[in-house]
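Bear in mind that the values in this text are calculations on the coordinates, not laboratory data. Keep in mind that what you see is a predicted model, and the values were worked out from it rather than measured. Cβ: placed from backbone, ideal geometry, glycine included. Neighbour counts: every protein chain shown.
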Amino acid sequence: MIEVRSISKFYANKKAVDTLSFEIHEGEIVGLLGLNGAGKSTILKMLGCFLVPSQGDARIGGHSVLENPNAVRKMIGYLPDTPPLYNEMKTRHYLDFVAHLKNVPHDKVKEFVAIAMQKTQLGEVADARLSELSHGFRQRVGIAQALVHQPRVLILDEPINGLDPIQIVEMRDLVLSLKGQHTVILSSHILSEITKTCDRILVLDRGRLVAEGTESQLRGGASRGLEVMLEIEKPTSGMIEAIQNLSGVESIREGRRNQQPVQLLIQCSTDLRPEIARIAVESGAAVLSLGKKEAELETLFLKLVKGEGEGRTHG
Amino acid sequence: MAKIWLIARRELSAYFTTWMGYIILFAALLIEGLLFNAFAIGDAPKFSSDVLKDFFYYSSGIGMVAAVLLSIRLLAEEKQSGTIVLFYTSPISERQLVLGKFLSAWLMYAILQILSIYLPSLIFLEGKVSLGHLFSGYLGLLLLGAGVISISLFASVIAPNQLMAGVLAAAITVIFLLLWLVSYKVDTPFREVFMYMSIHNERFRPFSVGVLHIKDCVYYLSLSWFFIEASIKSLETRRLQG
């Protein structure tokens with residue numbers, strides 16, 4: 001559905017997006033993840049035909065954003081980071097205007113607006129002025145304007161930006177409810193949120209794609225080996241040395257210094273939990289727990305970004 | 001054409017829902033009325049045609065200020081509030097957007113001129129003027145308005161905010177106003193060029209006395225066309241540069 005081929009964007013001499021390529025299949029919800037300034041919004045703007053790429057091209061539904069932007073515009077719904085709302089208009093009139101702007105046939109406008117309002121649950125504010133709406137409702141109207149013409153592709157730039165926790169859950173449910181009806185590409189710098197909404201994640205750093213895949217694929221790719229946590233009452237003599245001598249153990253450190261019970265964090269290249277358990281029991285230590293420590297999402301993200309940065313520095 | 005009218009209609013309704021339209025119309029009509037009574041009618045006896053000529057003279061000045069105020073928000077506000085994204089990501093061209101915006105401001109300006117008709121109508125109470133003179137003067141006002149609106153629209157496209165757009169629009173308009181003065185200070189062929197480009201003195205005066213020259217109509221239409229095209233090109237460039 002979306003093919004991005006070696007796309008770049010320069011702002012003066014600064015490269016905001018650097019020869020980026022990826023594909024998104026029909027019906028997928030894909031998240032662009034990156035820190036501020038990673039190039040997420042620039043990519044979405046180019047896909048939305050709001051910006052022209054400096055190099056490369058992107059195709060949506062077979063149409064090039066360079067050669068046939070109007071055909072692309074007919075297929076997409078776009079929500080920028082700030083919803084494009086006219087404060088003096090009422091919700092229904094605004095969606096009516098957008099529907100006409102997006103080529104919805106005149107006799108279908110009412111029906112399409114009603115569907116968009118129903119999907120985004122805007123019924124209670126249908127006749128309210130947009131200036132009077134809360135941030136959450138304004139974001140909903142922003143999504144409604146993006147899908148009022150029933151586009152095949154939805155481009156959502158930071159849809160949960162500035163929402164409170166309840167509104168975030170509502171927005172997540174709303175985006176998930178669009179699955180299957182639209183191909184969705186959204187951006188966020190909040191990793192935990194993007195993993196809950198998206199089928200696949202594209203991780204960006206300084207305009208480049210540094211990782212791509214599902215959450216578990218990214219976890220696998222980012223963590224070199226795994227970390228085993230062993231909790232014991234007190235280490236016995238020779239136990240730590242015996243574990244250290246195991247083939248595949250890279251390092252051992254104490255999780256909580258000078259505290260009982262003792263927590264050992266063992267970095268291994270493969271899963272050595274059976275061997276570690278055997279050594280601990282044989283040495284007479286009282287084992288309280290043994291488990292694989294999952295990397296925190298934020299740590300995972302930083303590893304991905306940092307790893308790419310280091311690679312580039314040395315490369 | 002449907003898209004141009006769609007954009008123009010939304011803009012027109014925005015003038016009235018935000019009160020800005022009412023305020024500009026009220027202020028312009030109030031000042032026109034005061035100037036009409038104080039200077040166009042005045043104390044000394046005058047021919048009706050002179051009263052009408054003076055009315056058009058004062059109306060043209062107020063009309064130019066109103067045209068600037070009506071137009072500076074057209075695209076500067078869209079850029080400031082971020083609503084311009086809506087147009088860039090919709091299947092409409094920059095030309096449709098600019099023409100829709102221009103049409104809305106020009107129609108608003110036309111409403112101002114229509115509402116001012118009661119002033120010259122007062123001349124009929126105690127005097128006599130030809131309908132041709134009236135028609136010519138109003139045609140001149142509408143053409144002059146189109147020129148100033150297109151200049152202000154261009155300023156609104158290139159300026160980062162409404163204030164800057166206002167300053168820029170006023171500056172360009174004043175330069176075009178003063179070109180006839182500059183023309184007296186330079187030699188041929190610049191004298192003729194500056195005289196030709198002057199937006200008011202040599203161009204509007206014939207309309208205000210009831211004389212209609214095709215060349216003056218062509219001037220105002222070409223001025224409007226030039227700045228509308230410049231606005232379209234600026235918007236296209238903006239999308240390229242980001």
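With the condition being over 24 Å from B:R238 (Cα atoms), I'd like the helices (runs of 4 or more DSSP H) fully within the range B:1-97 carrying at least 1 qualifying residues.
Answer list for the range B:1-97: B:2-17, B:20-35, B:48-71.
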- Which ones in the range B:84-117 are within 11 Å of chain A (Cβ to nearest Cβ) and surrounded by fewer than 18 Cβ atoms within 10 Å (Cβ to Cβ)? B:S93
- Query: Can you name every residue in the range B:52-82 that is farther than 19 Å from B:S152 by Cβ and either without any contact (Cβ under 8 Å) to a residue 24 or more places away in the chain or within 10 Å of chain A (Cβ to nearest Cβ) (or both)?
  - Reply: B:D54, B:G82
- Restricting to the range B:196-242, what's the tally of residues that are of a type in the set (S, T, N, Q), in a helix (DSSP H, G or I) and within 19 Å of B:S152 (Cα to Cα)? 5
- Would you please name the residue that is surrounded by the most Cβ atoms within 10 Å (Cβ to Cβ), looking only at residues in the range A:27-48 that are within 16 Å of A:D205 (Cβ to Cβ) and within 14 Å of chain B (Cβ to nearest Cβ)? A:I43
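Just to be sure, is A:E23 away from chain B (no Cβ under 12 Å), outside any loop (DSSP other than H, G, I, E, B), touching a residue at least 24 places away in the same chain (Cβ under 8 Å) and closer than 20 Å to A:Q55 by Cβ?
no
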- Checking B:S48 against (1) out of contact with any Phe, Trp or Tyr (no Cβ under 7 Å at 6 or more places or on another chain); (2) of a type in the set (S, T, N, Q); (3) free of Cβ contacts under 8 Å to residues at least 12 places away in the same chain, which test does it fail? (3)
- Would it be correct to say that B:L163 is under 17 Å from the mean Cα position of the chain (by Cα) and part of a helix (DSSP H, G or I)? no
- Query: Given the conditions (1) acidic (D, E); (2) part of a strand (DSSP E or B); (3) closer than 21 Å to A:G31 by Cα, and given that A:D173 satisfies all but one, which numbered condition is not satisfied?
  - Reply: (2)
- Task: State all residues of the range B:118-142 that are within 22 Å of the chain's Cα centre (by Cα) and either within 25 Å of B:S104 (Cα to Cα) or surrounded by fewer than 16 Cβ atoms within 10 Å (Cβ to Cβ) (or both); if no residue qualifies, say none.
- Result: B:Y118, B:L119, B:G132, B:L134, B:F135, B:S136, B:G137, B:Y138, B:L139, B:G140, B:L141, B:L142
- Taking the range A:65-118 as the search range and keeping residues that are under 22 Å from A:S54 (Cα atoms) and hydrophobic (A, V, I, L, M, F, W, C), which one is surrounded by the most Cβ atoms within 10 Å (Cβ to Cβ)? A:I76
- Message: Show me the helices (runs of 4 or more DSSP H) found entirely inside the range A:59-138 where at least 1 residues are of a type in the set (S, T, N, Q), more than 11 Å from chain B (Cβ to nearest Cβ) and over 30 Å from A:R5 (Cα atoms).
- Response: A:91-101, A:109-119
- Considering residues of the range A:149-160 that are within 11 Å of another protein chain (Cβ to nearest Cβ) and assigned to a loop (DSSP other than H, G, I, E, B) only, the residue farthest from A:S187 (Cα to Cα): A:H149
